[in-house]
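Read the structure below first, then the notes.
Just so you know, all these numbers are worked out from the coordinates, no wet-lab data involved. Worth saying up front: this structure is predicted, and the values here are computed from it rather than measured. Ideal geometry is used to build each Cβ from the backbone, glycine not excepted, and the neighbour counts take in all protein chains shown.
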Amino acid sequence: MIIEKQAIAGTLESSDIQIIIDKNNNQGIEIELQSSVEKQYGRRIREVLHQTLENLKVENAKLIVVDQGALDCTIIARTIAVVHRAAGITSNYDWEAIEEWNV
Amino acid sequence: MTYTIKRLWIDQSQLSRDEWELFLKQAKIRPENTVDYTVGLYDQGKIIATGSIYHNVLKCLAVCKGYQGGAVLNRLVSHLMNEVFDRGYNSCYVYTKPESVQSFLHLGFTEIARVTDQLAFLEKATVTIKSFINELKKQKQSGRHIAGIVMNANPFTLGHQYLIEKASIENDVVHIFVLSEDLSVFPAKVRKNLVKKGIAHLDNVYVHSTGNYLVSAKTFPSYFLEEDTSVTEIQASLDAIIFRDHIAPALGINRRYVGNEPDSIATHIYNQALKKTFGKQIELVIEKRKEIASKPISASRVRHLIKENRLSQTKYLLPDTTFHFLESPEAQKIISNIQTKE
């Protein structure tokens, strides 16, 4: 998917993650992460974000992420939401494609 | 615990407004009129927090004492940020008391500047002040004396041109910053364009936009400052600190030119604050305004003439470039706006 405009998903509440995404002019994936559990899980959070973006076929994006201790499933869900919003898709989600990798 | 968020229609319901104002006053925050979206957080029907938005600035945030320290503020700020980004802004700002800075850092905000124990200014954006500064750095020009001038140019007059021409002679390089906020009768794009046209004959002058970083009175949160502290002074100090610490170093600016305004106390305070903040780092040059018919030329004088339908007389106050624009079809809408509104 192509990131066409800036979008936001998630909240700053405990156990959630807030993701702001924007275009990144062919400069790949850039993630700025701030997490309350950065030391313990920072690497894993980045991994999940990268993997989910790859699954969604996003090649260029800039992400500003504030994590408040979200579980992997939450991180994936928020990433799917923010990418769709940024790509301008607000209905008729391709659930089958998502289910193929999100098991 | 579940709290409910409700929109407060403070512009439409006096009851809502009274409740809101009372709550803010208890938190020692002065209610403001320049808000365009307000919500309240409720715990079983009792209001426990409130927050507002004006454009992309979060303001008038207050959380009831018993609920401070996390969850409630996070919920409130999340909601307001979603609203800001949903509106299409790509940045979000907060003015707050320095003692609250920590809470916002925790939510991913970055501090840009602070006026000692009075006010802190924070940002959250994908395109941050860092990228703004990096863009500016690309336009850096070498020289020994490098001047900066900030102007609204609403519209660009002979007075502005005179100030820039003077700076152009006295310095190797001159950087002009035109306010980007679209709150003036002349749109930002038009204002910047007229500045560019009006200085086309000067080869050491460069025109930039202020971005979000040279703040305007509209966004200034006078609400949490004590009544006896001069609001203008603090606003000017914040402005000066951002200029001194971020913008001037990016371009190597070591002089700032301003016009004097004998009749305006606000400008006097502003110039004083610039002088105090700049200290020895940046030289402040205060120029006397150019006069026509023994009155200083100002953009407000031009707008006044337009309002009174005396367009032909603005010719003596404006460079040809601005005057030609006023005669063009593009300007007709702006002119009729001035005549009906201002």
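Results for (1) in contact with a His (Cβ under 8 Å, 6 or more places away or on another chain); (2) charged (D, E, K, R); (3) farther than 27 Å from A:GLU38 by Cα, shown as yes or no for each residue.
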| residue | (1), (2), (3) |
| --- | --- |
| B:CYS60 | no, no, yes |
| B:ARG75 | no, yes, no |
| B:GLY88 | no, no, yes |
| B:THR96 | no, no, no |
| B:SER100 | no, no, no |
| B:ALA113 | yes, no, no |
| B:PHE121 | no, no, no |
| B:THR126 | no, no, no |
| B:ILE129 | yes, no, no |
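Filter segment A:1-32 down to residues that are away from chain B (no Cβ under 11 Å) and in contact with a Phe, Trp or Tyr (Cβ under 6 Å, 6 or more places away or on another chain), then give me how many there are.
Within segment A:1-32, residues that are away from chain B (no Cβ under 11 Å) and in contact with a Phe, Trp or Tyr (Cβ under 6 Å, 6 or more places away or on another chain) number 0.
Looking only at segment B:42-52, count every residue that is away from every other protein chain (no Cβ under 14 Å), touching a helix residue (DSSP H, G or I) at 6+ places or on another chain (Cβ under 7 Å) and not polar (S, T, N, Q) and tell me the total. Explain how you work it out, then say what you get.
Our first condition is that a residue be away from every other protein chain (no Cβ under 14 Å); within segment B:42-52, this holds for B:42-48, B:50, B:52.
Subset that is touching a helix residue (DSSP H, G or I) at 6+ places or on another chain (Cβ under 7 Å): B:47-48, B:50.
Pick out the ones that are also not polar (S, T, N, Q) and you get B:47-48.
The qualifying residues number 2.
Taking A:GLY42 and the conditions (1) over 26 Å from B:GLU83 (Cβ atoms); (2) in contact with a helix residue (DSSP H, G or I) (Cβ under 6 Å, 6 or more places away or on another chain), which numbered condition does it fall short on, given that it satisfies the others?
For A:GLY42, the exception is condition (2).
Would you be able to say whether some residue in segment A:57-64 is more than 14 Å from chain B (Cβ to nearest Cβ) and on the phi < 0 side of the Ramachandran plot?
For segment A:57-64, residues more than 14 Å from chain B (Cβ to nearest Cβ) and on the phi < 0 side of the Ramachandran plot: present.
If you go through segment B:15-64 one residue at a time, how many are basic (Lys, Arg) and either under 19 Å from B:SER100 (Cα atoms) or touching a residue at least 40 places away in the same chain (Cβ under 8 Å) (or both)? Break it down into steps so the answer makes sense when it comes.
Filtering segment B:15-64 down to residues basic (Lys, Arg) leaves B:17, B:25, B:28, B:30, B:46, B:59.
Cutting the leftovers down to either under 19 Å from B:SER100 (Cα atoms) or touching a residue at least 40 places away in the same chain (Cβ under 8 Å) (or both) gives us B:25, B:28, B:30, B:59.
The number of residues fulfilling the criteria is 4.
Please specify each residue of segment A:1-34 satisfying the condition of being closer than 17 Å to A:ALA77 by Cβ and of a type in the set (Gly, Ala, Ser).
Correct list: A:ALA7, A:ALA9, A:GLY10, A:SER14, A:SER15.
Would you call B:ALA62 more than 12 Å from chain A (Cβ to nearest Cβ), under 26 Å from A:GLN68 (Cβ atoms), of a type in the set (A, V, I, L, M, F, W, C) and over 22 Å from the mean Cα position of the chain (by Cα)?
Yes; evaluated as a whole, the condition is true for this residue.
Since B:SER142 meets every condition but one in (1) farther than 30 Å from B:THR232 by Cβ; (2) among the small types (Gly, Ala, Ser); (3) within 14 Å of chain A (Cβ to nearest Cβ); (4) surrounded by fewer than 21 Cβ atoms within 10 Å (Cβ to Cβ), which condition does it not meet?
(3)
Report yes if B:SER103 is of a type outside the set (Phe, Trp, Tyr) and either touching a helix residue (DSSP H, G or I) at 6+ places or on another chain (Cβ under 6 Å) or not in a loop (DSSP other than H, G, I, E, B) (or both), otherwise no.
Values: of a type outside the set (Phe, Trp, Tyr): yes; either touching a helix residue (DSSP H, G or I) at 6+ places or on another chain (Cβ under 6 Å) or not in a loop (DSSP other than H, G, I, E, B) (or both): yes.
So B:SER103 fits the description; yes.
So which residues in segment B:295-342 are assigned to a loop (DSSP other than H, G, I, E, B) and surrounded by 13 or more Cβ atoms within 10 Å (Cβ to Cβ), if there are any at all? Quick ask: steps written out before the conclusion?
As a first pass, look at segment B:295-342 and keep what is assigned to a loop (DSSP other than H, G, I, E, B): B:297-298, B:308-310, B:317-319, B:328, B:341-342.
Result: B:ILE297, B:SER298, B:LEU317, B:LEU318, B:PRO319.
Restricting attention to segment B:106-158, which residues are closer than 16 Å to B:LEU58 by Cβ and among the small types (Gly, Ala, Ser)? Steps first, answer last, please.
Step one: of segment B:106-158, the residues closer than 16 Å to B:LEU58 by Cβ are B:106-112, B:119-125.
Of everything in segment B:106-158, those that are closer than 16 Å to B:LEU58 by Cβ and among the small types (Gly, Ala, Ser) turn out to be B:GLY108, B:ALA120, B:ALA125.
Quick check: is even one residue across segment B:65-86 touching a residue at least 60 places away in the same chain (Cβ under 8 Å), part of a loop (DSSP other than H, G, I, E, B) and either of a type in the set (Ser, Thr, Tyr) or away from chain A (no Cβ under 12 Å) (or both)?
No.
Which numbered condition trips up B:SER131, out of (1) surrounded by 19 or more Cβ atoms within 10 Å (Cβ to Cβ); (2) within 15 Å of B:ASN212 (Cβ to Cβ)?
Only one criterion in (1) surrounded by 19 or more Cβ atoms within 10 Å (Cβ to Cβ); (2) within 15 Å of B:ASN212 (Cβ to Cβ) is unmet by B:SER131, namely (1).
Condition first: at negative phi and part of a helix (DSSP H, G or I). Can you find one or more residues in segment B:39-51 that meet it?
no
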